[in-house]
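The values are calculated or read from the model by the stated rules, or taken from the named source; none is laboratory data. Keep in mind it's a predicted model, so treat the numbers as computed, not measured. We place every Cβ from the backbone using ideal geometry, glycine too, and count neighbours over all the protein chains shown. SASA here: full protein model, heavy atoms, side chains in, ligands and nucleic acids out. Shrake-Rupley method; radii C 1.70, N 1.55, O 1.52, S 1.80 Å.
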Amino acid sequence: MLKRIAPDQLRLGMYVQEIPGPWMNHPFWRGSFKLEKYEDLKTLRSAKIDEILIDTTKGRDIIVEDAPAPAAPVTPTAAPAPAVASAPQTEPAKPKPAKISAQVGAEQERANAARVITGSKKAIMTMFNETRMGKALDVKQAMPLVNEITASVSRNRGALISLARLKTADDYTYMHSVAVCALMIALGHQLGLSPEETRQAGLAGLLHDIGKMAVPVDILNKPGKLTDDEFISVKKHAQAGHAILSGVDGIGEAALDVSLHHHEKIDGSGYPFNLKGDQISLMAKMGAVCDVYDAITSNRPYKPGWEPGHSIKRMAGNQGHFDETVLEAFIKSVGIFPTGSCVLMHSGKIGIVIDQHSGSLLTPTVKVFFSAVTMATIPIEIIDLATTRSGDKIASYADPSKLPNLPNLETIWASSGLA
């Protein structure tokens, strides 16, 4: 039975069927879920929401008052998927929630992140090209890159990830590997993996597409739609990557698993083995989310990338593709409005998200520079939504393609301060 109740009537164990209003106005990417975390209960009670729809056939009813809300948060867990014969995996210990602390601002970390990206891209290009020529991969060359990327992501979770989106057709495969490595590390932190498990997740992200070195370059960089035969050739990269890594001394099971299974989908429609649900390991589920996010937010030879916030919304609405727990953790790791997102403020100003706050998904720091009312540039202003008293807040994503005269977003985001 469906019931509409006030937020202060919520209790743990209730099934939230619907939260009114646009999904970006509250920090819950799902519209329906069982309320099992004290942190989520507290957030819903304090949100500016008049009523919430619950389903009493799937959870606790409002009239049941047998247990008060707990006084301390319930520790969330992200259970690893059971192993299957075709999916070797790293079995993480029960995770403890661990968020990346933004110890420095994105502005401070950007120069260092750019240095890490440049060095990592050169090293990845060398490793991948040597692999294409038939030389054995040395995993000892990869781990220092993972450590550098881990350090940058730990200092600021958005700087390197956002910079890694800026790719060209020629360096896409290499930059994609750097980006997925960083995203896997951020997600590993969010899921509470141990430091070593997180390092292995990063290594898996760095090497997940090594099998593309077995795909002809003209197919990888083709600007138009692939033929059926060409697409079959590209799909073989998962098994080719697993074969390459299987012969590498010191490679972990996570890298083997993710290389082979990062294109599997929860509903069984993925490849190469049509695995579904719990047949897919936690690491492979992580790889699937990180791989798709960077792919759709990046410019490709055949299409321009989507705006980051729009990409998150599309991924959240793609039922059957991703594991819900992993996707929810991913969204928390990059933000509902990820760094680099183009947003419309309630004031009518257009801005770009330049930094995140670890304690809130809805109050990033925004650099405003354009008016949706006058369709003209305005003096640049940086608004920290977590501390500002202006009363302004994000109303929705903004579609740059529908805003004539909009300056280049990459230039605005990358420019220093108010420049």
## Note on the structure
Pseudo-spin-label distance Thr411 to Asn147, built 7 Å along Cα→Cβ, given in nm, is 4.0 nm
### Query
Under a straight-distance cross-link criterion of Cα-Cα below 14 Å, which aspartates and glutamates are reachable from Lys58, leaving out those fewer than 8 residues away in the same chain?
Glu18, Glu36
### Task
Just add up the charged neighbours of Ala182: K/R +1, D/E -1, any other residue whose Cβ is under 15 Å from the Cβ of Ala182.
+3
### Task
Once you've got the Cα coordinates, tell me which of Lys313/Lys393; Lys37/Lys313; Lys235/Lys285; Lys122/Lys167; Lys3/Lys393; Lys367/Lys393 are over 21 Å apart.
Lys37/Lys313; Lys3/Lys393
#### Entry: Calculated FRET value between Ala295 and Ile219, using beta carbons and R₀ = 25 Å, to 0.05
0.95
### Query
Going down the list Lys222/Lys265; Lys303/Lys402; Lys135/Lys212; Lys303/Lys332, which pairs span over 20 Å between their C-alpha atoms?
Lys222/Lys265; Lys303/Lys332
### Summary
Charge tally for neighbours of Lys222 with beta carbon under 15 Å away, counting Lys, Arg as +1 and Asp, Glu as -1, is 0
### Task
Might you tell me the accessible area per residue for segment 288-419, computed with a 1.4 Å probe and given in Å²?
41 Å²
### Task
Using only the Cα atoms of the chain, build the gyration tensor, take square roots of its eigenvalues as a ≥ b ≥ c, and label the shape rounded, prolate or oblate: rounded if a/c is under 1.5, else prolate if a/b is larger than b/c, else oblate.
oblate
### Message
Straight-line reach from Lys140: which aspartates and glutamates fall under 16 Å, measuring Cα to Cα and dropping same-chain residues less than 8 apart?
### Response
Glu130, Glu148, Glu196, Asp249, Glu253
### Summary
Note: Ser358 to Ile380 extended length (0.36 nm per residue) minus current alpha-carbon separation gives 5.5 nm
### Average accessible area per residue (Å²) across segment 91-211 - probe 1.4 Å, nucleic acids and ligands excluded
38 Å²
### Task
Pick out, in residue order, every one of the trypsin sites (Lys or Arg not before Pro) in segment 338-395 that is DSSP loop and has at most 13 other C-beta atoms within 10 Å; say none if there are none.
Arg389
### Task
Please work out how much length the chain gains when fully extended from Met125 to Asp138, using 0.36 nm per residue of separation minus the C-alpha to C-alpha distance, in nm with one decimal.
3.3 nm
### Task
Can you send over the carbon and sulfur percentage of the accessible area for the chain, probe radius 1.4 Å, protein chains only?
54 percent
### Task
Give, in nm to one decimal, the length gained when the segment between Leu53 and Ala111 is fully stretched (0.36 nm per residue of separation minus the Cα-Cα distance).
16.2 nm
### Query
Which percentage, to the nearest 5, of the DSSP beta bridges contained in the chain is antiparallel?
100 percent
### Task
Compute the FRET efficiency between Asp278 and Lys37 as 1/(1 + (r/R0)^6), taking r as their Cβ-Cβ distance and R0 = 25 Å, and round to the nearest 0.05.
0.70
### Query
So how strong a dipole does segment 285-419 carry about its Cα centre when Lys and Arg Cβ are +1 and Asp and Glu Cβ are -1, to the nearest 20 debye?
240 debye
### Task
Report ³J(HN,Hα) in whole Hz for each residue of segment 232-242, in order, from the Karplus equation J = 6.51 cos²θ - 1.76 cosθ + 1.60 where θ = phi - 60°; Gly and Pro get x.
4, 4, 5, 5, 6, 5, 5, 6, 5, x, 4
### Message
Can you compute the helix-only [θ] at 222 nm over the chain? Use -39500 (n - 2.57) per DSSP H run of at least 4 residues, normalise by all residues, nearest 500 deg cm²/dmol.
### Response
-12000 deg cm²/dmol
